[in-house]
Amino acid sequence: MTESALLPAAAKAPAVVSADRTALRIWLYGVAALVFAMVIVGGATRLTESGLSITEWQPIRGVLPPLSHADWIREFDRYKEIPQYRVLFSNLDLSGFKFIFFWEWSHRLLGRLIGVAFALPLAIFWARGALAGALKVKLLGVLALGTIQGIVGWWMVESGLVARVEVAQQRLAIHLLLASLSFAALIWIAASLAPHTEERPARWQPILALAVLFVTFVQIFLGALVAGLRAGRVYNTWPLMDGGLAPPTGVLTALHPLWRNLTDNVATVQFQHRMVAYTLLALAIAQAIASVRFARGSRAARRAIGFVHVVALQVVLGITALLLAVPLWAGLLHQAFAMVVLAFASVNAEALTRGSFAPVKDP
């Protein structure tokens, strides 16, 4: 995207164009940081079993927590009506309820903050004429993703209020996937606004970069299934699983119909997550080797080598969390670093799929 695509050339001087490019990048990276924080708080909410502590969706009134003792008692009484309290936490006192309540309340408050932090500056940039048509479409797409994310978040919570003691893991996975898509989109658009002096890539480079990004999304989705089923708290050995490199076929296909094993079978879900982790690491290594072989010294080669280190560290964090049966700190660190992997993959894919790799010079 050229600078003239961001602002009408006749209306803005080149220096102002450059300033707006910088402002747009700072804004988008700032919102991405908020999404990153929300993913971490969401992980803590899941690991502390806090996600069902608020049993109503109140977009306006829910901004404030209970402010009096009577308000807290009313909120606690609502929680006592759902199966999770009766089955799992019937001994929970008001102090314990406040602890889980504030995790979920913080998660929802961050969601509202992200909405304001994105929509308000978007309206200002739009009114100032700082957005070209293509960029407007992309940013409206991100806004739509965020709106859908909020709706899916309640749809997820609702699944645990009547017949279950936790949210449905499939809905949890969709919820995290949408957050990841929003995060990646923000990173991608922000990176696309930065000046580039990238060499023209070989034909295979964009394809491989997009494959790596796709597998990263798949792995995040599977990680959410693992979290939803608490599958990280069983089969806590590595590299063997149930005494072998793979559990017996009968274990992996125990549920019927067979497709249910992909989302509901604890052993199969964890095995999938392990295998896709190895696949992502293998793709990262292949990308690095090919980039060094065909474009030694290029930015693409340096990014590919860095990405291998990031993915390898994420694999180590995942193994550590598994061996320790996912204590809170390990689970959160593993989830946080998944977003780091996604950010690296997004920046690399954006650079290699850019239509033109000629230098973009700011005045």
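Readers should treat all values here as calculations from the given coordinates under stated rules, not as data from a laboratory. This is a predicted model, so every value here is computed, not measured. Note: ideal-geometry Cβ built from the backbone for every residue, glycine included; neighbour counts use all protein chains shown.
Quick notes on this structure:
- Arranged from fewest to most other beta-carbon atoms within 10 Å of their beta carbon, Asp264, Asp71 become Asp71, Asp264.
- The angle between the Cα long axis of helix 94-127 and the longest principal axis of the Cα atoms of the chain comes to about 20 degrees, rounded to the nearest 10.
- Listing Thr253, Thr268 from fewest to most neighbouring C-beta atoms within 10 Å gives Thr253, Thr268.
- Short-range pairs are left out: with C-alpha atoms under 8 Å and at least six residues apart, the relative contact order of the range 198-363 is 35 percent.
- Calculated FRET efficiency for the pair Leu324/Ser95, C-beta based, R₀ 25 Å, to 0.05: 0.35
- For the chain, the longest principal axis of the alpha carbon atoms and the long axis of helix 133-158 meet at an angle near 10°.
- Using C-alpha pairs under 8 Å with a sequence gap of at least 6, the mean separation divided by the residue count of the range 107-238 gives a relative contact order of 25 percent.
- For the chain, the relative contact order is 23 percent, taking Cα pairs closer than 8 Å that sit 6 or more residues apart in sequence and dividing their mean separation by the residue count.
- Once the Cα atoms are used to define both axes, helix 266-295 deviates from the longest principal axis of the chain by about 20 degrees.
- Simple point charges give the picture: +1 on the Cβ of Lys and Arg, -1 on the Cβ of Asp and Glu, and for the chain a dipole about the Cα centre of about 860 debye.
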